[in-house]
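Note sheet for the following structure.
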Amino acid sequence: MTVVAALVLAAQPLARVTEVLTDRDVSYAFAIANGSEAARTVFHTPYIVQVNEPLIERLEVITEFRRVVLAAEDQLKSGNWMLARGGFDTKGRTLMDVLRPMTGQVSLRARLRFHPQNSYKTLPAFDILLGEPTLLALNTARTPLLETVRTDAGGSYDVLTGATIETFYNAPTINDRVLPVRMMFEGKELARAGVDFSRIQ
């Protein structure tokens with residue numbers, strides 16, 4: 001695929017969040033993942049939400065369609081060319097088989113970066129709320145980011161430098177509309193942004 005063709009493909013208008021992926025959707029997702037870096041950048045940009053808050057390093061929307069693109073990109077980086085292009089892994093599974101547990105779900109993923117001199121021993125409470133009134137979340141995955149620090153005495157200890165928080169929602173409850181995203185830190189609203197789900201697939 002040429003760079004120009006890939007850019008045209010990635011720039012095609014995407015109408016609302018796809019609730020049920022068709023074979024054509026899956027083929028399109030693989031084409032984006034296997035296209036040029038420029039095409040992938042064009043595709044991913046609408047899914048990145050701008051947040052004016054130092055604690056939140058990145059906030060992004062991951063629809064079922066984009067999850068296929070991201071998963072295929074990860075497989076390409078790992079050298080699993082067959083799986084990234086719709087083939088099978090050593091266990092006879094396709095990428096869609098691997099992703100099946102997240103069928104029909106849209107997630108909001110925040111990457112947090114704590115102050116270097118923080119004193120957290122465990123993850124502080126951070127929640128991503130979608131909609132007003134808030135839509136019911138299916139699940140939230142919280143992954144701490146640790147950095148090992150070496151001491152002069154030869155020992156070491158882990159420092160909590162950040163976290164990845166991903167909250168999952170049922171795609172049919174979102175519909176083709178603009179919804180507010182509220183980011184709550186230790187029970188208080190830290191930041192707010194809007195996501196136009198009519199502009200992403």
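The values are calculated or read from the model by the stated rules, or taken from the named source; none is laboratory data. Everything numeric here is computed off the predicted structure, so don't read it as measured data. As a convention, Cβ positions derive from the backbone with ideal geometry for all residues, glycine included, and neighbour counts pool all protein chains shown.
Descriptive notes on the structure:
- Qualifying positions in the range 14-54 - modelled with pLDDT of 95 or more, farther than 19 Å from residue 195 by Cβ and either touching a Gly at 6+ places or on another chain (Cβ under 6 Å) or in a loop (DSSP other than H, G, I, E, B) (or both): 30, 34, 35, 36, 54
- Check on residue 100, crowded, with 19+ Cβ neighbours inside 10 Å, in a helix (DSSP H, G or I), charged (D, E, K, R) and under 17 Å from the mean Cα position of the chain (by Cα): no
- Condition check for residue 157: touching a strand residue (DSSP E or B) at 6+ places or on another chain (Cβ under 8 Å), on the phi < 0 side of the Ramachandran plot, of a type in the set (Phe, Trp, Tyr) and in contact (Cβ under 8 Å) with a residue 12 or more places away in the chain: no
- Any hit, the range 62-85, residues being buried (at least 19 other Cβ atoms within 10 Å of the Cβ), in a loop (DSSP other than H, G, I, E, B) and of a type in the set (S, T, N, Q): yes
- Residue 105 vs. criteria within 27 Å of residue 56 (Cα to Cα) and more than 22 Å from the chain's Cα centre (by Cα): no
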